[in-house]
Every structure is written in C-alpha cells, then in structure tokens.
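The values are calculated or read from the model by the stated rules, or taken from the named source; none is laboratory data. In this text, all values refer to a predicted model and were calculated from it rather than measured experimentally. Here Cβ is always computed from backbone atoms with ideal geometry, including for glycine, and neighbour counts include all displayed protein chains.
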Amino acid sequence: MNQLSIASLFPTEDIQTIRLRVARIWRCVLPISREPVGLAFVGVDYRGQGIHVHINEAEVDLFRPIITEEYLYQITAFRIAVPEIENIATQTTYIMVFNAETIIQQVPDCIELYNRYYFNFNFDTRLEDQWIWERNLADVIGIIKSISMISHLKFPRGIQTSKQDLHLISLNGKELKITLWEPFYYEIDIPKIMNTTPRSAVIFSGMKVIYFEGATTLSTCAATRIYVDLDIHETTRVPTNESERRKLTTTGGKNNKEERAQKIENAQEEELMN
C-alpha cells in the first residue's frame, strides 16, 4: 500500500491511510474551568511535515489507551476537514479528525525515518499576521532574558491561579513576552537557566497568541510543551553565534541602571581601543 504524505491529504469520502509519528499529545481542556473537551496530538509524516489531529471527547476513551507519544502509527478511515476549532498546533489548511471507525495500529519498524519532534518557528517573522494566530498556536525558541515574580490571581466563582511572566530573545533576536500559567512555571528550573552561561535554549511550543492594547503576549495553554536545550538544529542557532549568546546572557539578568552602565563602559572601552 502506498503511504500518503500530509500534503496529499484532502477532504474526501474515500478511505485514506497514512503513517504518522506522535510528536506530542495533550488533553484538550477549557481554560479556567479545566473541563475536558477532547484529545489532540501533532503527527509527523515521513517528509517531516506535521498535522494537528483531533479526537472528540466522545471518542477519547477509544483511542487514549493505545496512543503513545513518539511512537509511529498507521492510521486509516479518518476525516480531513477545515478546522472549526481553535488552538490548532500546526499551520496546515486541514486537520485530521478521528471518529469511531478510525483504525490506528502501531508500526514497530521504520520509526527512524520519521522526525521525533515538529515545530514551526515562524511566529516572530509573522507577528503582525493576527488572522493566523486567532486560531493557530505558536512555537518559539530562544533564551530567557528576564523573569517576573509569581502573581496570584482570583477569578469569579472562587477560582484561583498563578502566573509568571518572562521575556524571551527569539531565534531572530526579537524580544517576546511570555506568560506561564500554573503549573507550567514549575516544569522548568528558571533560576538555574538564568544562571547558566551561555544560557540554555528554551522552546515553548503550542503557545496561545494574545493581542491586547497594541501588545502581544504568548500564553501557555493545554497544548503547551516546554523543552530545554533540545537536540535539534535550531538549538544551535540561539542566538546565531556564541558571542551573541554570551552578550545577551551577560546583560539579561541586570536591571536597567546596570545595563546602561555596562553600555557606557563598553563604549568607553571601544573608544580607547580606537
């Protein structure tokens, strides 16, 4: 049987079959209330492309016990559709939707031909394209420049939560604001990362993009996954070379006054050298 690629999938009544490796999987829940509404994962084909796969809440019990992250599966009798839901983890035209007739079988061989991870680090180059981020989630990679104290919030009906804000220097040198909602700020040792020289490259995948009063914030959600110094090509490019990385980590943890003093000192040294 000839295997399809993600680019070959299209809405049809015919049965389609494809092999996908599960890059990451998560439970879909509503914000604040945490009510479960489904299951989703990012599947990667043999060409390295990714697609968002959604399983409705009614079918979750059918598939959750047999789907394991990083395993390879052959999937048949699914539906390909234009997404009508939010928080899509890939920027493809279509998503895959499982139903009660979908057949999924683990493939024990050939797994090395499929990428273990899938990311699309184009957010900071398409920051102004709000129409993309109204429905899609963003992946960003960079080094943490600064962090705030943990804030405790209380919502109506007595719901309480906490958050921590940080600023990230992205792959392309842009400074991005990121909000880590509880419990995500417990998943990584931020003080250790801040004290490491050169500072670790951190990936925030599946981030919700929020536009408010002219400012843009990336916020964690149910689909978010955080990785530190992951063994992928992009990690070696954060920043583009070691000297830039050391320069950023040298000034990143200082306050504005210290940063200004450092800049003046650097300028004076350059003037003496010239």
Query raised in the report: Would the range 135-143 turn up any residue that is surrounded by fewer than 19 Cβ atoms within 10 Å (Cβ to Cβ) and assigned by TED's automatic domain parsing to the domain that holds Arg237?
Result: yes
Report task. Write out, first by first residue and then by second, each pair whose Cβ atoms fall under 7 Å of each other, whose residues are 6+ apart or on separate chains, and whose first residue, in the range 207-234, is within 24 Å of Ala40 (Cβ to Cβ) and in contact (Cβ under 8 Å) with a residue 40 or more places away in the chain while the second is among the acidic types (Asp, Glu) and part of a loop (DSSP other than H, G, I, E, B). Result -> Ile226/Glu187
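Considering only the range 10-22, how many residues are of a type in the set (D, E, K, R), over 20 Å from the mean Cα position of the chain (by Cα) and part of a strand (DSSP E or B)?
1
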Query raised in the report: In the range 44-56, is there at least one residue being farther than 21 Å from Ala223 by Cβ and not assigned by TED's automatic domain parsing to the domain that holds Ile210?
Result: yes
Report summary line: Here the residues within the range 65-87 that are among the polar types (S, T, N, Q) and in contact with a Ser or Thr (Cβ under 8 Å, 6 or more places away or on another chain) are Gln74, Thr76
Query raised in the report: Any residue in the range 216-236 that is on the phi > 0 side of the Ramachandran plot and at pLDDT 90 or above?
Result: yes
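Could you identify the single residue in Ile25, Ile80, Ile51 that is surrounded by fewer than 19 Cβ atoms within 10 Å (Cβ to Cβ), part of a strand (DSSP E or B) and either in contact with a Phe, Trp or Tyr (Cβ under 8 Å, 6 or more places away or on another chain) or among the aromatic types (Phe, Trp, Tyr) (or both)?
Sole residue among the options that is surrounded by fewer than 19 Cβ atoms within 10 Å (Cβ to Cβ), part of a strand (DSSP E or B) and either in contact with a Phe, Trp or Tyr (Cβ under 8 Å, 6 or more places away or on another chain) or among the aromatic types (Phe, Trp, Tyr) (or both): Ile80.
Residues are listed down the side, and each one gets a yes or a no for (1) free of Cβ contacts under 8 Å to residues at least 60 places away in the same chain; (2) under 20 Å from the mean Cα position of the chain (by Cα):
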{"position": "Val29", "(1), (2)": "no, yes"}
{"position": "Ala40", "(1), (2)": "no, yes"}
{"position": "His54", "(1), (2)": "yes, yes"}
{"position": "Ile66", "(1), (2)": "yes, no"}
{"position": "Ile80", "(1), (2)": "no, no"}
{"position": "Glu86", "(1), (2)": "yes, yes"}
Requested in this report: Could you check, for the range 145-162, whether at least one of its residues is basic (Lys, Arg), assigned by TED's automatic domain parsing to the domain that holds Tyr227, modelled with pLDDT of 95 or more and in a strand (DSSP E or B)?
Outcome: no
**Report entry** Qualifying residues in the range 169-224 (those that are crowded, with 17+ Cβ neighbours inside 10 Å and small (Gly, Ala, Ser)) - the one nearest to the chain's Cα centre (by Cα)
**Finding:** Ser205
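Inspect all residues belonging to the range 166-174 and state whether any of them is in a strand (DSSP E or B) and either touching a residue at least 60 places away in the same chain (Cβ under 8 Å) or touching a helix residue (DSSP H, G or I) at 6+ places or on another chain (Cβ under 6 Å) (or both).
Yes, some residue in the range 166-174 is in a strand (DSSP E or B) and either touching a residue at least 60 places away in the same chain (Cβ under 8 Å) or touching a helix residue (DSSP H, G or I) at 6+ places or on another chain (Cβ under 6 Å) (or both).
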Query - Residue check for Tyr118: outside the structural domain of Phe41 (by TED's automatic domain parsing) and at pLDDT 95 or above - result: yes
